[in-house]
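S.K.: Got a structure for you, written out below as structure tokens; questions coming shortly.
Here, each number is a calculation from the coordinates, and none is a lab measurement. Remember, it's a predicted structure, so these values are computed and weren't measured experimentally. Using ideal geometry, Cβ is built from the backbone for each residue, glycine included, and neighbour counts are taken over all protein chains shown.
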Amino acid sequence: MTPSEITRLSAAEIARKVRSRELGAVKAAEAFLARIRRLDGSIRAFLCTLEEQALEQARAVDERAARGEDPGRLAGVPVAIKDNLCVRGAPTTCGSKALQGHRAVYDATAVERLRAEGALLLGKTNLDEFAMGSSTENSAYFTTRNPWDLDRVPGGSSGGSAAAVAARMVPLALGSDTGGSIRQPASFCGVVGLKPAYGTVSRWGLVAYASSLDQVGPLARTVEDAALALSVIAGQDERDSTCLPSPPRDFAALSRGDIQGLKVGLPREYLSGGLDRDVEQAMTAAVAAFRELGALVCEVSLPHTAPALSAYYLLAPSEASANLARFDGMRYGRRDPAARSLVEAYEESRGAGFGPEVQRRIMLGTFALSAGYYDAYYRKAQKVRTLVRRDFDEAFERVDLLLTPTAPTPAFRAGEKSDPLQMYLSDVFTVPCNMAGVAGLSIPGGLSSAGLPIGLQLLGREEGALLRAAARFEELRPFALWPEAVEARA
């Protein structure tokens, strides 16, 4: 196979070919690494590549296959890792100068499980600093570009992972999702992005932003690949007390079967105005497609959708204020050797180490938790969260899944949303899912009039039904397009 043919394979196809020895893992790694070298100068999805480590992993996979041993469910599959997940021996900066030069001494659980199944870790991807953003413009190092239009953002905060998959620099990537950070960039880049239900995937080794909201999940070109990746990384982990004690599940098997009679709800609050016209048309077409597949579509209500966004931007910064207190320059990360006192060292390491958006959220969270304001802000936001969760519980008594837009618009231009409030509104359709702890999946739903991807979001109590519905939609409305902006450079 030629390198171009290899980079067009899905993760599942690569794994099957490597296990049958039709394709060597080393050859697969070399093809994708060469594509990264060709394209990433313009897209800038990667903060670092791990070429030597990846080739060493590939040789070990080929050796196991040659001995007749099982090389793993992801044998020879190149994977990119968002740079807030620890990869042993690799930089882990979280897109921040506060952690510049820091190298992880262990693997995150999700990364550890990828390694065990033969995946090849090709590099760490760019993100909004400490996962705080919706465009990957808040990275302390550089802005990642959308492969569909290099003047536009890839979304955030997992923008590097989404762009890497969309540009075929890897078939699979890991991201994290606190308020939409997997699903929104998946929508902007025309890929599949899955946020598992809270507790499905271990967060051990994920640098925390907001611990009650964060989840690790895959970005992929196909639903099958997302399901395969989730099968590998999901499951109980004694190192994470919030990880549910569920037995291993084959999500690829759960994604099979028809959806005849499946009840799909359309939340009226998500469709009540403010939608880009192209997104609205994509939703109309999606409803028709699900009805064609035999699903029963009806309207439902999530009445606390509007206050969910405001509550999120109190709760997440409050947890960030506590979680980021550990980055003080004492044990690791940025530290000024000229500091004359402990207080001066703290001020310099945090003042110069954290960017404007991170500082903004830390200050907002600290204020919301402070004496005299806790009840007025943080406690009230927690009450709203309870109402949001109750909305979803009541909706799922009537329907199996919810269908919504992933984002109000297609990808916007870099620099277009300089007002933080405008940026926060990009998360209006993704935040409630995290507040309720349910599963969310973004799938490509077509192209806008400007030729940009539009994502559709499926929400459910668990991942199996989501993946099955998404797989049937993908078969009916295949999204086999590649970004022309990238192909012209390939």
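S.K.: Filter the range 269-322 for residues that are in contact with a helix residue (DSSP H, G or I) (Cβ under 8 Å, 6 or more places away or on another chain), polar (S, T, N, Q) and surrounded by fewer than 20 Cβ atoms within 10 Å (Cβ to Cβ) and give the result.
M.R.: Ser301, Ser310
S.K.: Of the numbered conditions (1) at negative phi; (2) touching a residue at least 40 places away in the same chain (Cβ under 8 Å), Gly257 fails exactly one; give the number of that condition.
M.R.: So the condition that Gly257 fails would be (1).
S.K.: Follow-up question, since we're still on this one. Taking the conditions exactly as written (over 30 Å from Glu51 (Cα atoms) and either crowded, with 20+ Cβ neighbours inside 10 Å or touching a His at 6+ places or on another chain (Cβ under 6 Å) (or both)), does Ala229 satisfy them or not? Before the answer, list the steps.
M.R.: Values: over 30 Å from Glu51 (Cα atoms): no; either crowded, with 20+ Cβ neighbours inside 10 Å or touching a His at 6+ places or on another chain (Cβ under 6 Å) (or both): yes.
So Ala229 fails the test.
S.K.: Determine if the range 325-340 includes at least one residue that is part of a helix (DSSP H, G or I) and crowded, with 20+ Cβ neighbours inside 10 Å.
M.R.: No; the residues of the range 325-340 include none that is part of a helix (DSSP H, G or I) and crowded, with 20+ Cβ neighbours inside 10 Å.
S.K.: Moving to a separate point now. Among the candidates Tyr346, Tyr332, Tyr312, single out the residue that is of a type in the set (Ser, Thr, Tyr), farther than 22 Å from Leu213 by Cα and within 28 Å of the chain's Cα centre (by Cα).
M.R.: Tyr332
S.K.: While we're here: For Ala31, are the conditions met, namely being of a type outside the set (Val, Ile, Thr), surrounded by 24 or more Cβ atoms within 10 Å (Cβ to Cβ) and in a helix (DSSP H, G or I)?
M.R.: Answer is no for this residue.
S.K.: For the range 282-308, enumerate the residues that are more than 19 Å from Glu397 (Cβ to Cβ) and either in contact (Cβ under 8 Å) with a residue 60 or more places away in the chain or among the hydroxyl-bearing types (Ser, Thr, Tyr) (or both).
M.R.: Ala282, Met283, Thr284, Ala285, Ala286, Val287, Ala289, Phe290, Glu292, Leu293, Pro307, Ala308
S.K.: In addition: Of the residues Asp214, Asp177, Asp237, Asp258, which single one is over 25 Å from Val297 (Cβ atoms) and out of contact with any Asp or Glu (no Cβ under 9 Å at 6 or more places or on another chain)?
M.R.: Going through Asp214, Asp177, Asp237, Asp258 in turn, the sole match is Asp237.
S.K.: Taking the range 175-226, which residues are surrounded by 24 or more Cβ atoms within 10 Å (Cβ to Cβ) and of a type in the set (Asp, Glu)?
M.R.: Once the filter is applied, which keeps residues that are surrounded by 24 or more Cβ atoms within 10 Å (Cβ to Cβ) and of a type in the set (Asp, Glu), the range 175-226 yields Asp177, Asp214, Asp225.
S.K.: For Gly265, indicate whether it is more than 21 Å from the chain's Cα centre (by Cα), outside any helix (DSSP H, G or I) and buried (at least 21 other Cβ atoms within 10 Å of the Cβ). Steps first, please.
M.R.: Numbers: more than 21 Å from the chain's Cα centre (by Cα): yes; outside any helix (DSSP H, G or I): yes; buried (at least 21 other Cβ atoms within 10 Å of the Cβ): yes.
Criteria met by Gly265.
S.K.: Return the only residue of Ala371, Ala345, Ala325 being in contact with a helix residue (DSSP H, G or I) (Cβ under 9 Å, 6 or more places away or on another chain) and on the phi < 0 side of the Ramachandran plot. Break it down into steps so the answer makes sense when it comes.
M.R.: Numbers: Ala371 fails: in contact with a helix residue (DSSP H, G or I) (Cβ under 9 Å, 6 or more places away or on another chain); Ala345 fails: in contact with a helix residue (DSSP H, G or I) (Cβ under 9 Å, 6 or more places away or on another chain).
Result: Ala325 is the single residue among Ala371, Ala345, Ala325 that is in contact with a helix residue (DSSP H, G or I) (Cβ under 9 Å, 6 or more places away or on another chain) and on the phi < 0 side of the Ramachandran plot.
S.K.: Has the range 444-459 got at least one residue that is over 16 Å from the mean Cα position of the chain (by Cα), assigned to a helix (DSSP H, G or I) and touching a residue at least 12 places away in the same chain (Cβ under 8 Å)?
M.R.: no
S.K.: Could you grab me the full set of residues in the range 354-386 that are farther than 26 Å from Lys417 by Cβ and crowded, with 17+ Cβ neighbours inside 10 Å?
M.R.: Once the filter is applied, which keeps residues that are farther than 26 Å from Lys417 by Cβ and crowded, with 17+ Cβ neighbours inside 10 Å, the range 354-386 yields Leu369, Tyr378.
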